[in-house]
């Protein structure tokens with residue numbers, strides 16, 4: 001059976017179960033089983049169907065059974081499990097993707113290593129490492145033990161990731177491993193990731209419970225990974241979670257822990273932030289870096305660019321240099337880059353996207369390995385490598401994720417010695433400065449937890465976006481179900497305070513559609529909150545829902561009638577909805593509060609212009625010119641309004657000033673219209689030709705001209721002459 005058909009049937013079965021159509025689900029599973037020879041699964045299906053028929057018989061006879069609901073729930077849970085087993089069997093047999101190729105190889109390879117044996121071997125290696133440290137044994141023996149431990153890490157990762165199920169014995173062994181503080185954090189954190197990746201392929205109750213239990217782990221690296229794994233699994237299997245009392249009991253216990261809820265919210269915010277990675281990468285590659293590269297030759301004549309980019313280099317500089325930087329626009333670019341980095345945005349993705357081809361990343365587990373200076377790659381039989389100091393410095397960076405730290409180190413390893421030494425010196429200086437800053441700051445557990453979660457999400461992002469076999473995995477960052485939409489997660493964050501944090505974050509990142517959903521929820525319980533109405537209105541405005549936005553702004557005004565921002569937005573919406581009369585009423589309200597605001601005066605003038613009250617429009621345009629004599633922003637509206645009012649000489653006077661001061665194509669066009677109105681056809685055609693040249697083509701000129709025909713007719717232009725004039729322009733061109 002083709003994988004596309006398998007996926008379609010899986011969706012149909014899930015739909016049937018969600019709609020509580022158990023008979024349909026049995027029939028669909030039966031069809032899938034008809035393509036295989038697994039008699040055990042067929043027998044299991046027969047047992048479930050027989051149990052269901054027996055239950056229906058009791059219902060038909062009107063027998064009251066207090067266990068009926070429990071039996072019904074158990075049937076659904078067992079049917080889900082059967083579906084998972086059938087799909088797993090079919091996919092393992094028919095799917096040619098990387099994961100299932102690995103799974104088949106792992107299943108049939110000739111090895112006796114099971115989880116229990118691997119953990120015994122790991123305990124033995126850990127004990128030897130502790131003894132070796134006490135006795136100060138040879139570096140060669142120490143390196144060998146490190147390599148043995150790392151080999152066991154990979155085997156345990158692959159076993160947890162690729163195994164079909166997790167029985168009770170496996171669960172107990174993994175629970176022991178995850179809670180045993182003698183076992184390195186690097187090993188335990190990899191197990192959490194393996195559980196997470198496995199759950200993305202198929203559901204398993206024991207794996208889910210292991211992740212939930214690990215949300216209380218004392219090690220933040222393990223705890224944060226577990227929380228992220230839990231949220232991803234909840235998003236994928238939300239509709240069936242109510243069937244598992246053990247899972248719900250653990251979740252209920254966790255929901256009473258404020259630090260857990262805080263971490264959940266932080267993770268949700270970080271996933272929202274990850275939505276902008278591609279946009280940020282594009283902006284860095286297309287705007288920030290090219291701008292810096294473009295200015296590089298000029299800057300090098302004035303200052304050293306490397307000084308500009310370092311924090312300490314900004315001290316004692318010539319103020320003229322900084323002025324040059326600001327004028328060139330680079331200061332804004334650097335400031336923007338710094339702000340993005342400080343906010344936790346993934347600004348390094350573009351830099352490290354091409355540094356994942358090292359053999360180190362051939363192992364799936366290496367993409368998720370905690371960066372540690374105790375890794376064997378930093379050692380040789382004679383001891384620590386020369387660049388171990390660099391590893392120590394990289395380790396302290398909170399901006400780089402684990403995957404990028406390894407990439408960074410390996411890229412430095414390949415540099416010529418002279419450049420390596422220079423890099424080491426620069427990194428050492430940066431590290432010293434960072435150390436001084438950290439020593440002055442008080443420990444912040446919540447920030448540390450968020451940094452760890454952020455780094456891990458970036459590790460996940462690189463795996464799903466950059467791994468050579470990425471198409472074999474369902475990209476968790478392409479799932480368009482946001483966490484707040486998942487019922488199980490929504491119950492954890494359903495308080496208004498938590499929802500508002502998430503909604504405000506969507507709002508701040510310009511994700512207006514999601515922000516609207518959140519503000520809808522908030523307004524259900526707080527329907528007199530004018531700020532929520534304001535923000536929902538703004539989101540609707542930015543998504544083109546102007547009428548709905550206007551209604552929300554009007555509601556906000558009734559709740560907060562003196563807010564000038566709301567009044568201004570109402571006026572704007574009325575103008576955009578082609579209702580200048582109502583727009584004018586609201587702009588007049590703003591004018592009363594701020595009579596000399598140029599933007600408001602201009603908008604009032606435009607409203608009068610749209611109402612064809614040219615006399616009043618001109619009054620406001622002239623007022624703008626009087627209030628802002630250094631600017632020429634009122635010239636164009638005065639010139640055009642004068643033309644429409646029939647004041648042709650006044651219009652010409654202003655267009656002549658405009659044409660002497662950086663004119664645009666439409667300025668030549670409008671000047672031609674004025675000459676046409678006073679029947680100076682030669683001058684009109686001359687300016688039309690200038691308009692064509694400025695606009696770039698006759699077709700663009702003609703489109704603009706056609707848009708003004710009604711105004712020309714109103715000005716007394718003979719409509720029959722218009723085609724002749726356009727032909728004259730073409731001939732003269």
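What follows is calculated from the coordinates using simple rules that are stated; it is not laboratory data. Every value quoted in this text rests on a predicted model; they were computed, and no experiment measured them. Note that we place each Cβ from the backbone using ideal geometry, even for glycine, and neighbour counts take in every protein chain shown.
Take 53-65, 140-152 and order them by the average number of nearby Cβ atoms within 10 Å per residue, most first; the result is 140-152, 53-65. With a Förster radius of 51 Å applied to the beta-carbon distance between residue 564 and residue 487, the computed FRET efficiency rounds to 0.80. Each part reduced to its alpha carbon centroid, the range 617-638 and the range 1-63 end up 76 Å apart. Report, please, the projected area of the range 3-95 averaged over directions, based on the convex hull of its C-alpha atoms, in nm². Mean projected area of the Cα convex hull: 5.8 nm².
Counting each pair of different Cα atoms once, what's the Kirkwood radius of the range 663-733 in Å, rounded to one decimal? In the range 663-733 this quantity evaluates to 11.7 Å.
Counted residue by residue at 0.36 nm each, then reduced by the alpha carbon distance between them, the extension gain from residue 588 to residue 508 reaches 25.7 nm. Cβ-Cβ distance of residue 56 and residue 31, R₀ of 22 Å, FRET efficiency by 1/(1 + (r/R0)^6): the value works out to about 0.55. Hey, how many Å between the Cα centroid of the range 160-203 and the Cα centroid of the range 651-727? Cα centroid of the range 160-203 versus Cα centroid of the range 651-727: 75 Å apart. Return, ordered by residue number, the residues of the range 477-502 whose backbone nitrogen is under 18 Å from a label point located 7 Å along Cα→Cβ of residue 248. Zone members listed by number: 486-494.
For the range 663-733, the relative contact order works out to 33 percent when only alpha carbon pairs closer than 8 Å and six or more residues apart are counted. The label-point distance for residue 219 and residue 731, in a model that sets each label 7 Å from Cα toward Cβ, rounds to 8.9 nm.
Put simply, when 533-543, 695-705, 623-633, 157-167 are sorted by average Cβ atoms within 10 angstrom per residue, most first, you get 533-543, 157-167, 695-705, 623-633. Take every Cα pair under 8 Å whose residues are at least 6 apart in sequence, average their separation, divide by the length of the range 173-287, and the relative contact order is 22 percent. Each part gets one Cα centre, and for the range 550-612 versus the range 450-520 those centres are 37 Å apart.
Treating r as the C-beta distance of residue 410 and residue 577 and R0 as 60 Å, the FRET efficiency rounds to 0.55. Legend: Rg and Dmax of the chain, from Cα coordinates, 34.5, 106 Å.
Modelled spin-label separation between residue 474 and residue 134, with each label point placed 7 Å from Cα along the Cα-to-Cβ direction: 4.9 nm. One chain, two ends: residue 282 and residue 649. Fully extended at 0.36 nm per residue, the span grows by 127.1 nm beyond their Cα-Cα distance. The angle separating the long axis of helix 205-214 from the principal Cα axis of greatest extent in the chain is about 80 degrees. Over the chain, Cα pairs under 8 Å with separation of 6+ residues give a relative contact order of 8 percent. Here the extension length gained between residue 664 and residue 343 equals 111.5 nm, from 0.36 nm per residue of separation less the Cα-Cα distance. Kirkwood hydrodynamic radius computed over the range 230-282 comes to 13.0 Å, based on all pairs of distinct alpha carbons.
Estimated purely from DSSP H runs of n ≥ 4, each contributing -39500 (n - 2.57), the mean residue ellipticity at 222 nm for the chain is -23000 deg cm²/dmol once divided by its residues.
Computed packing ranks the peptides 588-594, 406-412, 7-13 as 406-412, 7-13, 588-594, most packed first, by mean other Cβ atoms within 10 Å.
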